[in-house]
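Have a look at the structure below before the remarks.
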Amino acid sequence: MSPLAALNHLLNFAAPALALALLLVLASHLFMRKMAITHGWLVPVAINFVVGCTVLAGGLAWLGRDGKMLTYAALVLACASSQWLLLRGWRG
C-alpha cells in the first residue's frame, strides 16, 4: 500500500470521530449556552476526537473489522459521556 493510500485509510477511519466531536460541541454551544459558554471550541473537540478515535481503535481490535454498528454505537455513547463530563452535566 502506498503512503498516500495509507493516509487515505487513516483519515477515513478517523472521520466519524471528528464529525461527531464537531457536532457535539456545536450542539452544546447552540442548546446549552450557559454550560458551554465557559468552554472554548478547540479543547472539547480535541478531547472528544481522542475519545472517539480510541473507541474506534478498540472496536477494530476487539471485533477485528472496522465499520461495525456496535463500534459506532460505542463511539456515540463514549463521546456523549465525554461531552457530558466536560460540561459537568451532573450539576444540572
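The values are calculated or read from the model by the stated rules, or taken from the named source; none is laboratory data. Model, not experiment: these values are computed from the prediction. For neighbour counting, all protein chains shown are included, and Cβ atoms are generated from backbone atoms with ideal geometry for every residue, glycine included.
The number of residues in region 17-44 being in a helix (DSSP H, G or I) and at pLDDT below 95 comes to 15. Identify all residues within region 46-59 that are out of contact with any helix residue (DSSP H, G or I) (no Cβ under 7 Å at 6 or more places or on another chain) and of a type outside the set (Val, Ile, Thr); write none if there are none. Ala46, Ala57, Gly58, listed by residue number. Scanning region 64-80 for residues that are in a helix (DSSP H, G or I) and surrounded by 13 or more Cβ atoms within 10 Å (Cβ to Cβ) yields Thr71, Tyr72, Ala74, Leu75, Val76, Ala78, Cys79, Ala80.
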